[in-house]
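Computed from the coordinates by the stated procedures, all read-outs in this text should not be read as laboratory data. As the structure is a computational prediction, the values presented were derived from the model and not from experiment. No Cβ is skipped: glycine too gets one built from the backbone with ideal geometry, and neighbour counts run over all protein chains shown.
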Amino acid sequence: MPVPQDRKYLESHEWHQLAGDVVTIGITQIAADELTDITYVKLPAVGAKISANGAFGEIESVKTTSDLYSGVSGTVTAVNSELTTNPGLVNADPFGKGWMIKVKTTDANPLAALLSCDDYLKKTGH
Amino acid sequence: MLKRTPLYEFHVACGAKMVEYAGWEMPILYRGITAEHLQTRASGSLFDVSHMGRIHITGAGAADALEKSLTRNIGQIRVGQSRYSLVCNPSGGVMDDVIVSKHPKHWLVVCNASNREKILKHLTDVRDVGGFDAEISDKTESTAMVAAQGPRVVELIGETLDVDVRSIKRYGFETGTYMLSRFTLFRSGYTGEDGVEIIVSSGTAQNMVKSLSGEMSKPDAPIKPAGLGARDTLRLEAGMPLYGHELGESLDPLTAGLSWAVDLGKDFIGADPLRVIAKNGPAKKLVGLELQGPRIARQGSVVKRESAQVGEITSGTFSPTLQRSIAMAYVDAAHAGEGTELDVDLRGSISKARVVPLPFYKRAK
């Protein structure tokens, strides 16, 4: 299963992509496939403070409900409001149109502690 | 080591995602739970249900042993008929829900995969304690069982199998021959659609399924494979109970709304406590709930009225057919009336819900 090299991961299946001081977060294809048809995504409001390894939202599918975790601390600057009406975007394009939030971070090297693509695949048994 | 059904290779060839279920490696989905659900409602789907237990009972005392074990009046069943029944423990709790069928020379009990060992042992104990002349044999792993469900199934199945399906009544069955192998075709199912369930020998199953499904790989194929995920959302829309959710050893069939399958006029294990419940009226009721908004209630979610707990969710999903969040729950009888407004606590946040009649979905006749 393809996992992009240009971002870093949590073992709980969230990807993090850094551009300047803004980190975009979503979930991987592996997670989306495991959840099956996604029916609801609960995201924080713009301006909310989130902290590394804390839950920032919830995702529901036909099968189950799970928390969404952030690997970075900061302030939410954007949320993907399209997921409100079309949560299936996360199944269809988890690394692209299915992104969830953008977080402005003050950490000097915010993704340092996160997993590389290979380590993520190894840790999750893929 | 997980058990595999005779259709394992078929599932893999169809691109199924396989999961563990009750000790078996089963397809949860092929293309997607929602897509498979809608395919079943619109046209037809094929489900492997070979994991379900198939137990034969023969002998002069077979009917008496079953009469003692089952809540349903066995004496009224004619050859060629099946009936839904419960198996209860001495407290009236549900050990399993089963389909019992009367063949010319034996009885067949189809039970849940997770309860197969328990039910085999229970039937054997009932026989031994009662001294019934009956032989009990487990045919689960020498046979396969497939369900074909959906509005186009009955018309299409006749093209492959030499059986006049239309002439079989709901909960009736007939036998036939396919590639020199005997099969039994039941007009029943667990989806809320018309359709059939077929038991055939393990060796013949794969060929039969291939010819039943025909051009299944085409996008507009009338019958496509569907997994356990869709089976669960379909049965929930149809308001059918699932063991481990709506049914269990500490839950009784009257509270579950299954009094139509309990004949209190006869003697069976669990009858006395059930008569007391029938006399006093169940304290709780199994109800359907429609939730506002897209969130899904899960088994164990607390149901409240004015902040006080009045019930608990047993199953929930986002209904693909109705496009709304639905659930079943046990609710205190005082708050179980149709139209009652309730709250469901979903991980700390409240979703509004309303009691609605079951089933959520009923097919057009």
Q) 222 nm [θ] for chain A, helices only, -39500 (n - 2.57) per DSSP H run of 4+, per residue, to 500? A) -3500 deg cm²/dmol
**Q.** Above-threshold pairs, the threshold being 20 Å between Cα atoms, out of B:Lys68/B:Lys121; A:Lys63/B:Lys17; A:Lys8/A:Lys97; B:Lys139/B:Lys169; B:Lys102/B:Lys169; A:Lys63/A:Lys97
**A.** B:Lys139/B:Lys169; A:Lys63/A:Lys97
Q | Neighbour-count order for B:Glu67, A:Glu82, fewest beta carbons within 10 angstrom listed first | A | A:Glu82, B:Glu67
Q) Where does each of A:Cys117, B:Cys111 land when they are ranked from fewest to most other beta-carbon atoms within 10 angstrom? A) A:Cys117, B:Cys111
(Q) Please compute the modelled spin-label separation between B:Ala35 and B:Glu341, points set 7 Å along Cα→Cβ, answer in nm with one decimal. (A) 4.1
**Q.** FRET efficiency, A:Ser81 to B:Ala60 (Cβ-Cβ, R0 51 Å, nearest 0.05)
**A.** 0.10
Q: Collect residues whose amide H, placed 1.01 Å from N in the peptide plane, falls under 5 Å from the amide H of A:Tyr69; neighbours closer than 5 in sequence don't count.
A: A:Phe56
Q: Please find, in a Gaussian network model of chain B (springs between Cα atoms separated by less than 10 Å), the residue of B:Gly189, B:Gly80, B:Gly15 whose mean-square fluctuation is greatest.
A: B:Gly15
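With runs of 4+ DSSP H residues as the only contributors, calculate the mean residue ellipticity of chain B at 222 nm using -39,500 (n - 2.57) per run, divided by the residue total and rounded to the nearest 500.
-6500 deg cm²/dmol
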Q: Please list, or write none, the lysines whose alpha carbon is within less than 19 Å of the alpha carbon of A:Lys49, excluding same-chain residues fewer than 8 places away.
A: A:Lys102, A:Lys104
Q. Label points 7 Å out from Cα along the Cβ direction at B:Leu264 and B:Arg354: separation in nm?
A. 3.3
Q. Using alpha-carbon positions, what is the distance between the centroids of segment B:309-365 and segment B:165-218, in Å?
A. 34
Q. Relative contact order of chain A: what whole-number percent is it, with Cα pairs under 8 angstrom and at least 6 residues apart?
A. 31
Q) From the square roots a ≥ b ≥ c of the eigenvalues of the alpha-carbon gyration tensor of chain A, which class results: rounded (a/c under 1.5), prolate (a/b over b/c), or oblate? A) oblate
Q | A:Asp67-A:Ala48 pseudo-label distance in nm [points 7 Å out on the Cα-to-Cβ vector] | A | 1.3
Q. How about B:Lys352: which lysines have a C-alpha closer than 18 Å to its C-alpha, ignoring those fewer than 8 places off in the same chain?
A. A:Lys42, B:Lys304
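If I take every Cα pair under 8 Å that is 6 or more residues apart in segment B:315-365, average their sequence separation and divide by the length, what percent do I get for the relative contact order? Kindly include the intermediate steps, with their values, before the conclusion.
On the way: 44 pairs, mean separation 12.1, N = 51.
The normalised contact order for segment B:315-365 reaches 24 percent.
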Q | Reachable aspartates and glutamates from B:Lys210, criterion Cα separation under 17 angstrom, eight or more residues apart if same chain | A | B:Glu9, B:Asp48, B:Glu159, B:Asp162, B:Glu197, B:Asp220
Q. Which residue, A:Lys102, A:Lys49, A:Lys63, has the most motion in a Gaussian network model of chain A that connects Cα atoms within less than 10 Å?
A. A:Lys63
**Q.** Net charge dipole size for segment B:214-341 [Lys, Arg +1 and Asp, Glu -1 on Cβ; Debye, nearest 20]
**A.** 200
Q. Roughly how big is segment B:53-122's charge dipole about its Cα centre, with Cβ charges of +1 (Lys, Arg) and -1 (Asp, Glu), in debye to the nearest 20?
A. 180
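What relative contact order, as a whole-number percentage, does chain B give when Cα pairs under 8 Å and 6 or more residues apart are counted? Each step should come with its number before you reach the end.
Working: 830 pairs, mean separation 65.1, N = 365.
Relative contact order comes out at 18 percent.
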Q: Please say if chain B is rounded, prolate or oblate, where rounded means a/c under 1.5 for a ≥ b ≥ c the square roots of the C-alpha gyration tensor eigenvalues, and otherwise the choice is prolate for a/b larger than b/c and oblate otherwise?
A: oblate
